Amino acid sequence: MQRKLILAALAALSLLAGCAARDPNLVVKPLGEFGRAPADYTLRVNLYELDAKGRPVLAARDDASLRGFVTRTLAARGYTLKASGPARYDLDVHLLCGNMRTADMGLMSEELRLPQDSVGHGYSEQLHYWLPDSSQGVDGAELMGLHESAQRNRVAAGSSRPAQAMGRSAAGELEPDFCQGRVLVLLTPSGAAPLRQVFVDRDATEDCRAVAGCPADTCRTALEHALVELLERRL
């Protein structure tokens, strides 16, 4: 009984904290609703991996190769990268590689958030997370079984291999059954309007190679493909 009361209190505190963190001047919209003319933009591309505790840590800031995929894709659509100074749009891309079964989703298993210090000014709990993907209509707890279900469906359709079972490496370390990439894209129009509008989209890659620790480069190719497809589809 006491344990239930403690959990209920924690849930209430979590709800209050979420309400307190909500910015009434922030308007979050899907990237697919952007619909504005191409113009110049600034760009930030961060690549992350999960540490031993399942928390995202920055692995590479403004990776040149990943930036190249973004700039070439947007150049074909009429956008121009601005190296410095104010631009019409600010584009932030945050890419993660990890074993999502080990991800730290927070006290109440609600969200997998970006580290605040990697974002800096403008960080918001309403924006800066990979999971859950609200477009899929599931909460954090359900996401832990989402990969298994999707993988079973793909196998049944004959389009993918089954997920690998957990095993141990020669050194005795527990190996992941899969590594997976996650994509977060945020596009912010500049301006001094009272309301700050941010257009957001999230995506996930197919399974990457099963490598212990899922270092960021394990998912690099899959993340490149997912990022380019997302930009082509939404902008």
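In table form, for the structure just shown:
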{"read-out": "Residue in segment 87-95 that is part of a loop (DSSP other than H, G, I, E, B), open to solvent by less than 70 Å² (accessible area, probe 1.4 Å) and within 23 Å of CYS214 (Cα to Cα) present", "value": "no"}
{"read-out": "Single condition GLU148 does not satisfy, out of (1) among the charged types (D, E, K, R); (2) in a strand (DSSP E or B); (3) modelled with pLDDT under 50", "value": "(2)"}
{"read-out": "Test: GLY54 is under 19 Å from ARG202 (Cα atoms), in a loop (DSSP other than H, G, I, E, B) and not charged (D, E, K, R)", "value": "no"}
{"read-out": "Some residue of segment 88-96 being farther than 19 Å from VAL200 by Cβ, of a type in the set (Asp, Glu) and modelled with pLDDT of 95 or more", "value": "no"}
{"read-out": "Complete set of residues in segment 33-61 that are under 19 Å from LEU230 (Cβ atoms) and exposed (fewer than 13 other Cβ atoms within 10 Å of the Cβ)", "value": "GLU33, GLY35, ARG36"}
{"read-out": "Residue within segment 175-185 that is open to solvent by 70 Å² or more (accessible area, probe 1.4 Å) and either modelled with pLDDT of 90 or more or farther than 22 Å from GLY106 by Cα (or both) present", "value": "no"}
{"read-out": "Single match in THR221, THR188 (criterion: surrounded by fewer than 17 Cβ atoms within 10 Å (Cβ to Cβ), under 20 Å from the mean Cα position of the chain (by Cα), of a type in the set (Ser, Thr, Tyr) and modelled with pLDDT of 95 or more)", "value": "THR221"}
{"read-out": "Segment 96-106, subset small (Gly, Ala, Ser) and in a loop (DSSP other than H, G, I, E, B), residue least open to solvent (accessible area, probe 1.4 Å)", "value": "ALA103"}
{"read-out": "Number of positions in segment 202-217 that are assigned to a helix (DSSP H, G or I) and open to solvent by less than 20 Å² (accessible area, probe 1.4 Å)", "value": "1"}
{"read-out": "One residue from ASP23, ASP51, ASP62 being of a type outside the set (Ser, Thr, Tyr) and touching a residue at least 24 places away in the same chain (Cβ under 8 Å)", "value": "ASP23"}
{"read-out": "Sole residue being more than 13 Å from the chain's Cα centre (by Cα), of a type outside the set (A, V, I, L, M), under 28 Å from SER190 (Cα atoms) and assigned to a loop (DSSP other than H, G, I, E, B), chosen from ARG44, ARG77", "value": "ARG77"}
{"read-out": "Cross-chain or 6+ apart pairs with Cβ under 7 Å, segment 84-104 first and of a type in the set (Gly, Ala, Ser), then open to solvent by 10 Å² or more (accessible area, probe 1.4 Å) and part of a loop (DSSP other than H, G, I, E, B)", "value": "ALA87/SER190"}
{"read-out": "Subset of segment 62-86 [open to solvent by 70 Å² or more (accessible area, probe 1.4 Å) and of a type in the set (Lys, Arg)]", "value": "ARG72, ARG77, LYS82"}
{"read-out": "Only one of SER109, SER124, SER84 that is part of a loop (DSSP other than H, G, I, E, B), among the small types (Gly, Ala, Ser) and touching a Gly at 6+ places or on another chain (Cβ under 7 Å)", "value": "SER109"}
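The values are calculated or read from the model by the stated rules, or taken from the named source; none is laboratory data. Here the structure is a predicted model, which means the values were calculated and not measured. Cβ coordinates were reconstructed from backbone atoms using ideal geometry, including for glycine residues, and neighbour counts include every protein chain displayed. When the accessible area is computed, the model is the full protein with side chains, heavy atoms only, and any ligands, DNA or RNA have been set aside. Shrake-Rupley method; radii C 1.70, N 1.55, O 1.52, S 1.80 Å.
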